[in-house]
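Following: one structure in structure tokens, then a few remarks.
Each reported figure results from applying straightforward, stated rules to the coordinates on display, with no laboratory input. Note that the structure is predicted; figures quoted are calculated from it, not measured. Glycine gets a Cβ as well: all are built from the backbone with ideal geometry, and neighbour counts include every protein chain shown.
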């Protein structure tokens with residue numbers, strides 16, 4: 001997958017995880033909807049027409065970069081997969 005496809009994927013996954021702020025015992029906390037699976041990730045990739053070997057490669061990369069479930073894909077994989085724009089890192093992927 002190219003960078004534009006990854007950007008679309010991560011943006012769509014964030015929407016479907018429904019990141020939001022809520023209150024617990026009077027404290028503002030972050031919340032999201034993750035069932036500890038890759039259900040949303042695989043659904044999005046399928047909708048993007050990513051199938052077969054390309055799907056396997058994408059899911060393998062997500063897993064290898066710390067994405068053990070949909071929310072961890074955002075927290076761990078996203079920063080490692082997207083090209084870091086910091087010139088000190090020469091625009092190279094972090095993995």
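Output the 0 to 90 degree angle, nearest 10, between the alpha-carbon long axis of helix 52-64 and the longest principal axis computed from the alpha carbons of the chain.
Between the helix axis and the principal axis of the chain, the angle is about 60 degrees.
With a 10 Å Cβ neighbour count serving as the proxy for reagent exposure, in which order, fewest first, do 39, 51 appear? Present the calculation step by step, with values, prior to reporting the outcome.
Values: 39 13, 51 10.
The order, fewest Cβ neighbours first, is 51, 39.
May I ask you to sort 65, 22 by Cβ crowding, counting other Cβ atoms within 10 Å and putting the fewest first? Before the final figure, lay out the partial values.
Details: 65 18, 22 10.
Listing 65, 22 from fewest to most nearby Cβ atoms yields 22, 65.
How big is the chain by Rg and Dmax over its Cα atoms, in Å?
That works out to 14.5, 48 Å for Rg and Dmax.
Cut-off is 10 Å between beta-carbons; in what order do 41, 46 appear when sorted fewest neighbours first?
Placing the least packed residue first, the sequence is 46, 41.
What is the helix-to-structure angle for 3-17, meaning the angle in degrees between its Cα long axis and the longest Cα principal axis of the chain, kept from 0 to 90 and rounded to the nearest 10?
Between the helix axis and the principal axis of the chain, the angle is about 20 degrees.
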